[in-house]
1. Could you please find all residues in region 66-98 being outside any loop (DSSP other than H, G, I, E, B) and β-branched (Val, Ile, Thr)?
2. In this structure, does residue 41 turn out to be in a helix (DSSP H, G or I), exposed (fewer than 10 other Cβ atoms within 10 Å of the Cβ) and not aliphatic (A, V, I, L, M)?
3. So residue 9 ticks every box in (1) over 23 Å from residue 97 (Cα atoms); (2) touching a Cys at 6+ places or on another chain (Cβ under 9 Å); (3) not charged (D, E, K, R) but one. Which box is left unticked?
4. Identify, please: which residue in region 1-38 is outside any loop (DSSP other than H, G, I, E, B) and polar (S, T, N, Q) and is, among those, modelled with the highest pLDDT?
Amino acid sequence: MNNICEHIQNHPQETLRLIGLKNEQLEELLEQAVKLHYQKQKIVESKKVRIILGGGGRKPKLSLSEQIILTLTYLRHLTTFQLLGIQFGVSETTANDTFNYWLPIIGELLPPSLLEQVKKTPVKKKLLKKF
């Protein structure tokens, strides 16, 4: 388990500062996101034509809840994937892939207003036009 997840478990009152959600909201989001993940995986598996039985390959370094917290941490702090990977003990590519997998799932579960609340600094279109 990484430091952020341990810190959230030991100090649930600081969850809002770390990832932008209250601890109760985080627990509910984790539960719903994992359910949705398994539903999507079941659909993908039903469409696959397998020659070799499933279950092989390397197991992921992060649990599902750690992957979701990684995504929420990125949304809250907008750090680089390299630093996020170091913080969670995975490669930069894995951090990026994890974020890109979980963002649409979290987007389905959270209303847009709450998703914007998780983001600490919303991107403004006026600023983007300058660049």
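The values are calculated or read from the model by the stated rules, or taken from the named source; none is laboratory data. From a predicted model like this one, the values you see are computed outputs, not experimental measurements. Here the Cβ positions follow ideal geometry from the backbone for every residue, glycine too, while neighbour counts run over all protein chains shown.
1. 68, 69, 71, 73, 86, 93, 94, 98
2. no
3. (2)
4. 32
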